[in-house]
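Read-outs: derived from the displayed coordinates by stated rules, not from any lab. Keep in mind the model is a prediction, meaning the values are calculated, not measured. A quick note on method: Cβ atoms are made from the backbone with ideal geometry, for glycine too, and the neighbour counts reach across all protein chains shown.
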Amino acid sequence: MSWPKRFNERFNKRIAVVAIHDVVMAMLSFELAVWFRYQTYGKPQEFFFLWHGTAIFTIVCFVVFWRMGLYRGIWHYASLSDVITIVKAVTLAILIFLPVMFVLDRLANFPRSAMFLNWPLLVVLLMASRLVYRFSKDGDLHAVFERTDDGRVPVLLIGAGDEAETFIRGLARDRLAPYRVVGIVDHKTSRIGRDIRGVTVMGGLGEVADIVTRLAAQGRKPQRMIITWAKLDGAAIGMLLEEAEALGLTLSRMPRLTELQSGKRGNNLELQPVEVEDLLGRPQQVLDRDAMRSLIAGRRVLITGAGGTIGSELARQIAAYEPAHVALLDNGEHALYRIDLEYGESWPNLSRAAVLGDVRDKERLAVVFQRQRPDLVFHAAAFKHVPMVEGNPNEGVLTNVMGTANVAHACQAANVNVMVQISTDKAVNPTSVMGASKRIAEMICQGHSLTASRCRFVTVRFGNVLGSTGSVVPLFQRQLARGGPLTVTDAEVTRYFMTTREAVELILSATAHPPTGDEGGKIFVLDMGQPVRILDLARQMIRLAGLTPEVDIPITYTGLRPGEKLYEELLHDGETPRPTPIAGVNLAAPRVIDHDLLSAQVEQLAAAAAARDTERTLALIRHLVPEMLDGPAPTPAETAAAPAE
């Protein structure tokens with residue numbers, strides 16, 4: 001890095017303010033020391049009668065403070081290391097000032113004893129402002145005076161915020177800490193060149209390679225990069241993973257700040273590996289947990305598909321909000337057994353019922369609703385594996401369409417307060433039977449939401465759930481365990497991803513949102529961030545395993561399977577999203593079919609599926625979902641290039 005660039009990085013507005021403050025304190029301390037000396041011994045003098053001494057002392061302090069990095073410290077993280085640096089800088093400034101003055105005027109009229117007053121006075125003035133500022137931010141000065149210790153393994157921190165300060169302070173507390181922080185990287189240019197507890201912020205996220213080279217030249221090359229900024233997005237983490245691989249470093253992240261503050265990990269700063277969730281992450285939304293608790297607390301809840309990925313996570317999060325009773329419904333014995341066992345271990349005192357049953361069975365549902373008496377119903381039961389449903393379209397219709405219709409009718413008959421329908425981005429311009437069946441399920445709930453007098457129907461649409469059964473991440477993990485290759489359908493295929501926890505939290509937030517009166521027929525669409533290219537995901541998972549893509553693990557292309565799309569959409573062309581008071585949730589209004597007409601057509605579809613009349617089933621699906629595409633959807637580029645009709 002060139003000298004002008006480094007100078008510009010260091011000399012920013014905040015550093016200038018600190019420099020002015022310290023220079024003023026140096027001038028003030030000198031004048032106060034001389035004034036006090038003459039007030040108590042000898043003839044009292046006016047201020048600035050030794051103005052040339054004041055000027056020289058101020059200049060000396062400015063140069064010494066600059067050279068010793070006094071201006072780089074971030075006051076919010078003022079610590080014992082800053083106190084030590086200030087003591088050293090003030091001592092050196094006085095030791096330089098005295099011989100300079102002696103050479104200039106033999107210290108004529110200058111009281112030597114004033115320097116004994118100036119030294120502690122200047123130290124106090126410089127440190128007091130820093131401590132007061134930190135106290136105003138944190139309300140506590142305990143962390144300032146904790147012991148520091150370098151540790152052993154040199155590491156580079158990514159992020160110059162509270163988490164970084166907590167990490168460095170944690171190393172200071174732990175005598176056996178294995179890490180030594182040699183530098184910090186941050187996204188804010190205003191922090192570059194400044195210090196946190198004696199560690200310098202050396203550059204931005206795009207300068208990691210240059211920073212590592214500089215540290216290596218100083219004999220301090222880091223062996224590991226540690227992410228300390230919890231809000232770093234997935235694209236940046238992926239970039240850092242590639243940088244780490246190229247530089248021969250490992251990439252880790254520190255425990256979440258909330259985990260450290262809650263004491264879940266004690267005082268142990270054990271690092272965590274970067275997970276796939278981190279690569280696809282987005283800033284955590286601030287959720288209204290009080291509203292979610294008000295929705296669930298004291299209510300009776302029924303979850304269909306409770307043993308599945310979404311259903312089981314719904315069951316876990318709902319249990320935390322103290323419902324009166326939870327009924328877990330699933331047609332899979334093993335999946336139901338697992339979530340019921342987890343409930344028994346984690347919430348033994350919570351009233352619950354494990355119910356074997358199929359949403360296709362209208363009579364069974366009537367009995368279940370009569371016995372369980374739910375106030376809230378979360379409908380997560382569905383067939384979701386695209387190629388599987390494509391090969392078994394009648395079964396997909398019976399579960400995804402008739403199952404939803406059965407649950408909706410049961411909710412109406414039982415006077416349920418709220419039914420929540422879980423949908424998917426594959427329902428938008430579907431190319432598969434699974435996507436089309438979920439679109440019809442949306443339409444069923446839309447119709448009920450416009451006609452129901454008591455039950456509120458809420459439909460929530462989102463993309464792929466990371467790590468769910470049948471999804472790409474578990475597939476890649478199994479292929480990695482076998483030594484590869486990783487199979488990707490197409491080099492350009494993209495998907496929206498969301499973690500199970502994040503999806504369920506936003507489902508509950510949308511459900512807890514007070515109705516505004518104009519939500520009938522509308523669908524809550526979760527903000528999935530940017531779509532992820534599956535090829536990039538495959539390469540990143542190989543890197544996370546400590547291997548090199550295309551060298552240690554090959555990647556092969558298999559072609560799009562029947563019903564698969566090259567890219568997914570969260571909204572139809574005619575759906576204009578409308579923001580809601582819930583961060584990360586929008587409201588869309590797709591087309592709605594008359595409820596009575598839709599019910600009649602759904603009955604015909606169900607009859608065809610029950611008769612296993614596949615040709616008629618597919619024809620009725622296309623009639624209900626005219627936007628259904630044949631085969632893989634066109635790419636955005638192909639869509640843009642197509643002539644207007």
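Brief remarks follow.
- Charge sum, other residues only, whose C-beta stays under 15 Å from LEU597's C-beta, Lys/Arg counted +1 and Asp/Glu -1: -2
- Cα shape, segment 173-238, gyration tensor, a/c 1.5 rule: rounded
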